[in-house]
Amino acid sequence: MGARTSGIRQIGGAPGPRGGWAARKPLVLAAAVVVLALLPLYASDYGISVGILIFLYMSLGQMWNLLAGYSGLVSLGQQAFVGIGGYTLAMVTQAYHMSIALSFFIAAGVSLAFALVISFPIFKMSGVYFTVGTWIVSEALLVFFRNWAFVKYDAGYNITVAYRISMPALYLGALAVGLGATALVYFILRSRMGLALMAIRDDESAAEARGVRLYRTKLACFLISSVYTGITGVVLYLNITYVKPGAAFGIDWTVCMVFIVVIGGLGTIEGPVIGAVIYVILRQYTYNFPGISMIMLGVAAVAIIMLAPEGIMGAVHGRFGFRLFSTERRPPPGTGPRQYPEDAADV
Amino acid sequence: MDGALMTVEGLSVSYGDFRALHDISMRFDRGSIVSIIGSNGAGKSTLLNAVMGINRKLSGRVVFDGADITSMRTSAIVAKGVTMSPEGSSVFEDMSVHENLLMGAYLTNSRDKRARMTERAYGLFPALREKSGQLATFLSGGQRQMLAIARALMSDPKLLICDELSLGLAPVVVNDIYDRILDVNEEGVTIVLVEQEVKRSLEFSDYSYVLVKGRVVIEGRSDELSEDEVKDAYFGINKYA
Amino acid sequence: MAWNRKKKLLAVALCALIAFALSACGGGGGGEGESSGEAGEPPAASSDKDEILIGFAAPMTGPLSIFMGPTPWVEELCLDAINNVNGGIYIDEAGGKLPIRVVYADTESDSNKAMEVATKLVTENKVDILVGAWTPVGTNPISAVGERYEVPVFTFGAPEESWLEGGPYNWATGMQFNYDMLCTDVINMWDKLDTNKKVGFVLDTDVDGTTGREVYTRLLAGTDYEIFDPGAYTIGTTDFTGLISKLKDADCDIITADMITPDFTVFWKQCHQYGYVPKVCTINKGMHYEADVENLDSDGGNGITFSSLWDKNFPFSSPLLGLSCNEIADKWESENEGFYPYSIGYDVAMYDILYDALSRAQTLDKAAVRQAILDTDIDTVFGNLTFNDNQCARVPAIGTQWLPGEKFAFEKKVVASETFPAIPANDPIIIPATTQK
Amino acid sequence: MELFVQTVVSGMLVGGLYAAIGVGLSLVFGIMGLTNIAHGSLMILASFFVMFFSRQVTGGVVTALLLTLAIMALIGALTQGLLINRVLDKGPESALLVTFGLAIIAQNVLQLVFGADYKSISSPFASVNVIDTRWVIVSGEYMVNFLVSVAMLLALHLMIRKTRLGRSIRAAASNVVAAELMGVDTKRAYIYAMCLAMLTGSMGGLLVGQTFGFYSYSGMSYLIIAFGVVVIGGMGSILGTLIGGFILGLAQLLGAYFFGPGVQVLVGYLALLVILALRPRGLLSNMTRK
């Protein structure tokens, strides 16, 4: 049982004595946040715009990771909540001329309600049925929006109020969302729910036998992820300023979430951070090659996964044997072929 | 008994920093029944995976019938005449009993031989003949175990490894199955029993190895080993660890 | 402890990576950035420029890339005229003539990406003029980027109505067509034919569909045309049995569709299979290109009507190239394969307008360039163009029909031009013989 | 009433084609648990091959198809052997990203090579109606699609059920370790399965190319149809896929019949969700990975 119990070790807790990393960690992190928050003072317009993208995609990645990496819910439908966020912003500010702040609350509420409603059918499904089911839900929502008079069908909205938001302000918003998502996942994992998630991740049926309420834990993760993705969607569309069903509910959002999380390292809290940086920088670089930029992205995705099948964090962990926040999902790489878990149990 | 059919020489397996098997050496004589006894986590599965080529990252040597089979592909090892009956839960559930048997003869190209082997399997386990058309998922635990053994025998092996025959089965059923194993052994098939249960293993085998924490701690002729001695080794881990 | 040090190192490295990446991204431009577009800023900042940079955020891949076919050809032609023949454009702060360079970015036919790449063009490439094109997906997000960063934007190829949804604009300008005009052309064509005046709608819920539904309903109200609307269909429908049956039952002689090419191809084939081929089929989106018409099964393209956004019969010429519309189209056909695409007209007009505006502005000051574009009053391949209060220049559209041709399987004939009488409607509109009901 | 009959018939016929699109996906999922996002794009790749070969090389659709089948089987073997087999052990998400990457590469390379315009493969049956009565009209094209699809699915079903190769694939699907112990090379079985999926996908690509036409990026829109069909049928069940195709085709067309053409696609999705909510593992799921 050695490998299994190791998953439930103290998360982020340092084994070292007080006065070491544990004591200084808040300081280091606070300094890092300050450095990042002051970025508009020393970065160019372009740097700021890239920063916005990194932190927003980081948030999407963290939330997808919360599902796939920690709850075992591989969803292809989280773009539904990005779309809900975007359209809430559009309706609140353009159709009803109300404040942007209000759209955050409404987006959160609508996302929560929608996530609750669809959780009834899709939580009956498991594995790939869940995966495909979530995609169908989000495609259905796309078609529904295209046929919904209330949102002007497929016409789309320009979010004109967002033209005049200053980019540093938008950057700070994105920073808050991105770091907020990271912190949220971190605290979830440190809570009792985190312990339950670890147990589920290591052995679902064993966890259930030990009294972990699978359904409730997974549902809670799904709701949190969906609501936060919806809120992220609002900020995303404050940046994009033009919302249209095909783009807002497009599978491209999920492609980018999967890329970020898997490349960064599934089931690690640093993974989406690294993944988002890599994804955004890579995309910005490939934009210099119009026409073949998508091919470059696809080749990069396949190549990276061939070189580091468990993502960057998996590779880092495999080589150096440490993690910043230890929340690994699987027995560390190199403990033998995965399809024979009895090996791990045997040792 | 005329010499070793298979020998394991200095076999070690490591996972990262962790060494799961330490320099294991074993000898399986032609026509004998050898038992490997160990508790959950002693390294039995690791050993079997290494021998059967499922895990090919190992050091040491496995020699079968004069040929070095270390790190061969599983299919090549099976073709040489080593086969393993995994735990009873591993039957192909969505296949009929008959199809399961056919899978056992997957590497046998001769139709005649397949027919002969099928007859032998049904002869050994008449209960399976009655169920031959049924999906394996509807079999009882004992029947599944029988099917797993029958399926393994379909490749006409010289050496049959039986993993945890008694796991989760009622003693009556287990006795029945062990009797069948003796029948198989009578036909000249060398048998390796991998078990947690000490008493029955000693009773049914000619030679025994006791595995604790990836090492062979006791070995000897089964009739010369006392149950208590083995149990001490088995439970009194501190003595050896 | 080594472990702790490693952790700390990793944490710091992570933050450093982000910060470094961000500042590195911005490092390429010369580091002014934050003062984007104060009008009073001395023009000295751009004195070291040696070219005029036009950033074209274009759908180079994806469904909309079909519009981009002639773009490289037109670019070569026009830049040759500007840079080589005319030696560039005089810019005051450079003290001489500067050549124009076009830098492309691929929107991937996606409005989210359009915004990302347009932002990159503005903030990193620091383009002097941002261009966006083709459908609201191409024009609206790019106009928004211009508004946000206060950079002059020129967009084209979208319905005026939907482009204006993103307004009122200050920095963005548009050269757009107008839906009322398109629908009027179509009705003018119907007027010339002998039908039962029953019009079936085959409109989706896209901008074109919803706008078309509204405009047709308004324009046909009070006329003797009778509208039959079976309800909007969804893009990507594979089987149109229900829709076709309803149109057939309603006995519509005329159908007007706004389908994209694949949907229309399937729909029209199924119409033929179900034995419903109306006398008049107007398709205002998917059948602009000869190859698509030729691709239709069993001569189905014969007689299809649509309102064309540019035609070689336009009696205008490009001041920059010194070529008439007819000559431009012929030049295309002699240097490329296939029937000339109408998007040539838009591409040429863009260079006409931007060359004219920059020549008048004589500066790259953003506000001045913006004003120069808005002051445009020139004759282009679309005739005379000026920008109205909404910063939109409206281009003409005329009623056309695909008919079997000599050089190509199908050729586009101008059959109705009441909305722009200056454009001659040389050919009579016909009801193709293949029609059956 | 005529319209209703016509709707049901059309729904069944188009459903048969949907099943042909989905069956390869079902096979690959049932056997190796792979959510193959590249399925649709690879199918469209086959459409392009058939179009290209029939126009440029062979002149006939049949020889072009044979050539395409050979190439697609090779592509299937290479992607499975060189890429997917190597990440399959690392969990479904890595394999998911690889197939995402393949889909993106396939559709963009196609666009680069063949351009962005709409293509189709000409069908000799498009303008012939095999049934033409007051009650119902069936085009030759739909009939051929249906017959080819059903025949292909039945052949595949028999192959999987009755042959040694089929048994080895099922064994690998059911229990990897046990199959290895029987002497089955499971990674090779995966390669065979992917080749089969590519072969059926190529047939789907031909039929889709003739019936609906295609762009380089059409793959994703067919992928969602394929997924829908496969999940309601039950992953890995070939007959289930056929039933799934019928259900989706009927749901779409009846949706349009009762509620108008605008909701045709939406009703299809809702039907999928309702069935999945009631039968979360599909209607017939008899070859499912543990």
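Taken together, the values in this text are just the output of simple stated rules run on the coordinates, not laboratory data. Values in this document were obtained by computation on a predicted structure and should not be read as measured data. Reconstructed Cβ throughout: ideal geometry from the backbone, glycine too, with neighbour counts over all protein chains shown.
May I ask for log10 I(q)/I(0) of the stretch D:108-256 at q = 0.15, 0.18 Å⁻¹, from a Debye sum over the Cα atoms as equal point scatterers with solvent left out?
-0.95, -1.20
Output the Kirkwood hydrodynamic radius of the protein assembly as shown, Cα pairs only, in Å rounded to one decimal.
Hydrodynamic radius (Kirkwood, Cα pairs) of the protein assembly as shown is 33.8 Å.
Give the span of chain B's Cα atoms along each principal axis, as three whole-Å numbers ordered largest to smallest.
Computed over the Cα atoms, the extents are 52, 37, 37 Å.
With N set to the number of residues, divide the alpha-carbon radius of gyration of chain D by 2.2 N^0.38 Å and report two decimals.
0.98
Taking the 0 to 90 degree range and rounding to the nearest ten, how far is the long axis of helix A:79-90 tilted relative to the main principal axis of chain A, both from C-alpha atoms?
Helix A:79-90 and the main axis of chain A meet at about 30 degrees.
Considering every Cα-Cα pair within the stretch A:43-251, what fraction, in whole percent, is farther apart than 24 Å?
42 percent
Along the charge dipole of chain C, which of C:Ala393, C:Cys281, C:Val151 sits closest to the positive end, that is, farthest toward it, with unit charges on the beta carbon of Lys, Arg, Asp and Glu (+1, +1, -1, -1)?
About the Cα centre, the residue reaching furthest to the positive side is C:Val151.
Expressed in nm to one decimal, what extension gain is obtained for the pair B:Arg120 and B:Ser39 from 0.36 nm per residue of sequence separation less their Cα-Cα distance?
That works out to 25.8 nm of additional length.
For chain D, which DSSP H helices look membrane-span-like by this rule: Cα extent along the axis of 30 Å or more and mean Kyte-Doolittle of at least -0.5?
Helices passing the filter in chain D: D:2-32, D:92-114, D:140-162, D:186-211, D:238-259.
Per residue and in Å³, how big is the convex hull formed by the alpha-carbon atoms of the stretch A:64-151?
88 Å³
Only Lys, Arg, Asp and Glu count, each charged at its Cβ (+1, +1, -1, -1), so figure out the dipole size of the stretch A:43-251 about its Cα centre, rounded to 20 debye.
Approximately 320 debye in magnitude.
Of all DSSP beta bridges in the protein assembly as shown, what percent run antiparallel (nearest 5)?
Taking every DSSP beta bridge with both residues in the protein assembly as shown, the antiparallel ones total about 45 percent.
Need one number: the % of Cα-Cα pairs in the stretch B:127-241 sitting beyond the 19 Å mark.
52 percent
How much length, in nm to one decimal, is gained on full extension between B:Thr7 and B:Ser132, taken as 0.36 nm per residue of separation minus their Cα-Cα distance?
Between B:Thr7 and B:Ser132, full extension yields an extra 41.4 nm.
Starting from the alpha-carbon convex hull of the stretch C:128-266, give the projected area averaged over all orientations, in nm².
For the Cα atoms of the stretch C:128-266, the hull's average projected area reads 9.5 nm².
To the nearest 10 degrees, how steeply does helix B:141-153 sit against the main Cα axis of chain B, on a 0 to 90 scale?
For helix B:141-153, the angle is close to 90 degrees.
Using the Cα centre of the protein assembly as shown as the reference point, and only Cβ charges (+1 on K/R, -1 on D/E), how large is the resulting charge dipole? Debye, rounded to the nearest 20.
4960 debye
Pop a pseudo-label 7 angstrom from the Cα along the beta-carbon direction at both C:Glu294 and C:Ser334 and give the gap in nm to one decimal.
For C:Glu294 paired with C:Ser334, the spin-label model returns 2.0 nm.
What are the semi-axes of the equivalent ellipsoid of chain C, taken as the square roots of 5 times the eigenvalues of the Cα gyration tensor, listed largest first and rounded to whole Å?
44, 28, 19
Rg (Å, one decimal) plus Dmax (Å, integer) for the alpha carbons of the stretch B:51-187?
15.0, 45
Show me the three semi-axes of the equivalent ellipsoid for the stretch A:99-204, from the C-alpha gyration tensor (sqrt of 5 times each eigenvalue), largest first, rounded to whole Å.
Those come to 31, 25, 11 Å.
Expressed as cubic angstrom per residue, what is the convex hull volume of the alpha carbon set of the stretch C:164-239?
In the stretch C:164-239, the Cα convex hull volume per residue is 131 Å³.
Taking the Cα centre of chain C as origin, work out the dipole magnitude from +1 charges on Lys and Arg Cβ and -1 charges on Asp and Glu Cβ, in debye rounded to 20.
That gives chain C a dipole magnitude of about 1260 debye.
State the answer as a single residue: which of A:Ile188, A:Ile165, A:Gly51 lies farthest towards the positive end of the charge dipole of the stretch A:43-251, with beta carbon charges of +1 for Lys and Arg and -1 for Asp and Glu, about the Cα centre.
Working it through, the farthest residue towards the positive pole turns out to be A:Ile188.
Under 8 Å for C-alpha pairs, at least 6 residues apart: give me the relative contact order for the stretch A:43-251, rounded to a whole percent.
Value for the stretch A:43-251: 44 percent.
Residue farthest toward the positive end of the dipole of the protein assembly as shown, with Cβ of Lys/Arg at +1 and Asp/Glu at -1: which of B:Phe125, A:Gly298, C:Ala57?
Going by the charge dipole, the pick is B:Phe125.
Roughly what would the spin-label model give for A:Ala101 and C:Asn388, points 7 Å off Cα along C-beta, in nm?
My value for the distance between the label points is 3.9 nm.
Enter the mean number of other protein chain beta carbons within 10 Å of the beta carbon of each residue in C:223-233, as an integer.
3
Just need the Rg to Rh number for the stretch C:34-190, please, alpha carbons only, Kirkwood Rh.
1.02
Hey, what angle do you get for helix C:179-191 against the long axis of chain C, alpha-carbon based, 0 to 90 degrees rounded to 10?
20 degrees
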